[in-house]
Amino acid sequence: MLFLAIPVKDSLSQERRAGSANTAIQPIYNPETKSYFELRVDLPKPPNWNTAVRFARTKLFKGVRGRLAVVKDLQTHSFLQANFEIREEAWIGLRYFCSFRKLVWADGTEQPRTAFKMWAKKWYRTDVRCGKQNIQYMPIYYLPNAKGFRWQASGPAKYFVSYFVEYPTGGREPHKAPAKEDPSDKADAPDGDQTRPAEPEASPETTDDKPSTE
């Protein structure tokens, strides 16, 4: 009788990396940022960026409170791309403010114009965007791996159930320091050179139909 070896473990491992409905991928530690990152696909209604900000703050891992992921450099981007396979768009903690022409992270810090960015060739999803619609900001997400794993911006009412959560340990042993309550747990609180295969048609900072911050 002939027996065939079936790689069950590898198959399950791949499915876990990619995630499935209502299932979170186990947080993975990035020693460069001293943070754990987790891909979740359980965002409740309405699954927009504001909900993702609030919901990420409700997550705890090893005593560390979560936040919508901050991806400020190429190393962090490469870490996410190497460890997670997203099959649909996934929110990150970044917004582009139209009138100021600034990118602001969920931790309140700005991403300088000359700093790392990972825009898709078409940086916006539709014409619901700065300069075309009367909106204050555009939230940013990752496109699926199959579409290049790049940033793209949408109107604030866009719905995606997937989102990246980051648990910043600050370099301490995460299980020894319980998280403190976040007094600014409000969706509207401000907020809170890379190499890429193709240059975007335009980035939001360089689009002419928005005022300059200079």
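Data for the structure
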item: Criterion: modelled with pLDDT of 90 or more, in contact with a strand residue (DSSP E or B) (Cβ under 9 Å, 6 or more places away or on another chain), assigned to a loop (DSSP other than H, G, I, E, B) and aliphatic (A, V, I, L, M) - qualifying residue of Ala157, Ala115; result: Ala115
item: Test for Phe164: is it within 29 Å of Arg87 (Cα to Cα), modelled with pLDDT of 95 or more and part of a loop (DSSP other than H, G, I, E, B); result: no
item: Selection status of Ile25, in contact with a helix residue (DSSP H, G or I) (Cβ under 8 Å, 6 or more places away or on another chain) and either modelled with pLDDT under 95 or within 26 Å of Met138 (Cα to Cα) (or both); result: yes
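Condition check ((1) within 15 Å of the chain's Cα centre (by Cα); (2) of a type in the set (D, E, K, R); (3) surrounded by 17 or more Cβ atoms within 10 Å (Cβ to Cβ)) across all residues:
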{"residue": "Asp107", "(1), (2), (3)": "yes, yes, no"}
{"residue": "Gln111", "(1), (2), (3)": "yes, no, yes"}
{"residue": "Tyr124", "(1), (2), (3)": "no, no, yes"}
{"residue": "Gln133", "(1), (2), (3)": "no, no, no"}
{"residue": "Tyr137", "(1), (2), (3)": "no, no, yes"}
{"residue": "Trp151", "(1), (2), (3)": "yes, no, yes"}
{"residue": "Ala157", "(1), (2), (3)": "no, no, no"}
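For every residue, the table says whether it meets (1) of a type in the set (S, T, N, Q); (2) not in a strand (DSSP E or B).
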| site | (1), (2) |
| --- | --- |
| Thr51 | yes, yes |
| Gln75 | yes, yes |
| Ser78 | yes, yes |
| Arg87 | no, yes |
| Leu94 | no, no |
| Leu103 | no, no |
| Asp127 | no, yes |
| Met138 | no, no |
| Ala146 | no, yes |
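The values are calculated or read from the model by the stated rules, or taken from the named source; none is laboratory data. Predicted model only: the values in this text are computed from it and were never measured. Note: ideal-geometry Cβ built from the backbone for every residue, glycine included; neighbour counts use all protein chains shown.
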